[in-house]
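Have a look at the structure below, then the notes.
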Amino acid sequence: MASIACEPQRATELAESLAEVRQLVKNASERRSEQQSFPTLVAVSKIKPASDVMGCYDAGHRDFGENYVNELVEKAEILPRDIRWHFIGTLQSNKAKLLAHVPNLYVVQTLTSAKAATALDRNLPETRETPLNVMLQVNTSGEQSKSGLAPLDVDEGGEHEPSASLEVVDLASHILSSCKRLHLLGVMTIGSFEASMDDSHPNPDFETLRKTRDVLTEKLKEKYPEAQWGQDGRLLLSMGMSSDFQAAILAGSDIVRVGTSIFGQRPKKEV
Ligand SMILES: *Cc1c(COP(=O)(O)O)cnc(C)c1O
């Protein structure tokens, strides 16, 4: 079994960068005009060793994000059970079973197909007491390199075609009607980084996600007046990474996913 103890010097470094990022999250959330719960900071530990996760854990952190099913499964096996794992990578439905068996998997943020939703739902072990949270990934920037469903009702004249596509509504409907053990928590996006280098040029992709969430909520209320979703009835927004999490919080984000600013640069090879 790999050692999960964190070297004291690395632990100090991680505790410091975590404290800095937490402070920035707090500052940004205090600058919001609308009343909103404190954002969840997900520490994205992909490619980083389990000992790094342990360093953050010892500094009191519990929410961690991973992109690869095998890596998440391996880390979850050796790390403490009260960690809340967020899956944020591309999910192939043939890996859904493996992922569904992680007892402390908290949310799959990157759902894009009914097939994967069904596979997760069917493969959750009997012993799991709580539903599995899921979020729908939306491709707000329209870049072909990013996965995700088409956004809803984007303004004409913008960079996007006004979309007639209702795939977000269709997938949400499938979850509410046919996946009894899944809980629809919200929507997630990556967006394009270039658009958000400073506060004075807010990233339009964040607005697009928000709009998608609002339109989706309206449509679901019509179709499923009895159903429950989100947190306290609100579908959550997962948006914002190292380069833009403060802007994302100002734009209403509920969940930010921060890797590099906490753990340092990753090797170049990954996407
Ligand atoms: C890697 C990754 C992150 C974290 O990115 P950083 O720029 O290192 O903060 C967030 N979200 C997703 C989906 C990722 O793949």
Q: Run a plain Debye calculation on the stretch 32-190 (Cα atoms as equal point scatterers, no solvent) and give log10 I(q)/I(0) at q = 0.11, 0.12 Å⁻¹, rounded to two decimals, same order as the q list.
A: -0.48, -0.56
**Q.** Positive-pole candidate from MET188, ASN104, LEU237, dipole of the chain, charges at beta carbon
**A.** ASN104
Q | lysines with Cα under 27 Å of LYS26, excluding same-chain neighbours fewer than 8 positions away | A | LYS46, LYS48, LYS211
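Based on the alpha carbons, how large is the Rg to Rh ratio for the chain when Rh follows Kirkwood? Mind showing how you got there, number by number?
Working: Rg = 18.1 Å, Rh = 19.0 Å.
My calculation of the ratio gives 0.95.
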Q. If you count, for each residue, the other Cβ atoms within 10 Å and average over each peptide, how do 219-230, 40-51, 166-177 line up from highest to lowest?
A. 40-51, 166-177, 219-230
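With the full set of protein chains in place, find how many percent of the accessible area of the chain is carbon and sulfur; take the probe as 1.4 Å. Can you show the working numbers first?
Working: 6550 of 13330 Å².
Its accessible area is 49 percent carbon and sulfur atoms.
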Q. Excluding ligands, DNA and RNA, what is the solvent-accessible area per residue of the stretch 8-263 at a probe of 1.4 Å, expressed in Å²?
A. 46
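Antiparallel as a % of all DSSP beta bridges within the chain, to the nearest 5?
In the chain, approximately 5 percent of DSSP beta bridges are antiparallel ones.
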Q. Going highest first, how would you order 231-244, 68-81, 23-36 by mean Cβ packing within 10 Å?
A. 231-244, 68-81, 23-36
**Q.** Most fluctuating residue given options GLY191, GLY60, GLY252, as computed from a GNM of the chain linking Cα atoms under 10 Å
**A.** GLY60
Q) Given the rule -39500 (n - 2.57) for each run of at least 4 DSSP H residues, summed and divided by the residues of the chain, what is its mean residue ellipticity at 222 nm, to the nearest 500 deg cm²/dmol? A) -11000 deg cm²/dmol
Q) Where nothing but the Cβ of Lys and Arg (+1) and of Asp and Glu (-1) is charged, how large is the charge dipole of the chain around its Cα centre, in debye to the nearest 20? A) 880
Q.
Positive end of the dipole of the chain, charges at C-beta (+1 Lys, Arg; -1 Asp, Glu), about the Cα centre: which of LEU79, GLN144, TYR57 has its Cα farthest in that direction?
A. LEU79
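Among residues other than GLU66 whose Cβ falls under 10 Å from its Cβ, what is the net charge (Lys/Arg +1, Asp/Glu -1)?
Working: positive: LYS46, LYS48, LYS75; negative: GLU71, GLU74.
Its environment carries a net charge of +1.
The values are calculated or read from the model by the stated rules, or taken from the named source; none is laboratory data. None of these values were measured; they are calculated from a predicted model. Reconstructed Cβ throughout: ideal geometry from the backbone, glycine too, with neighbour counts over all protein chains shown. What goes into the accessible areas is simple: the full protein's heavy atoms, side chains included, and nothing from ligands, DNA or RNA. Shrake-Rupley method; radii C 1.70, N 1.55, O 1.52, S 1.80 Å.
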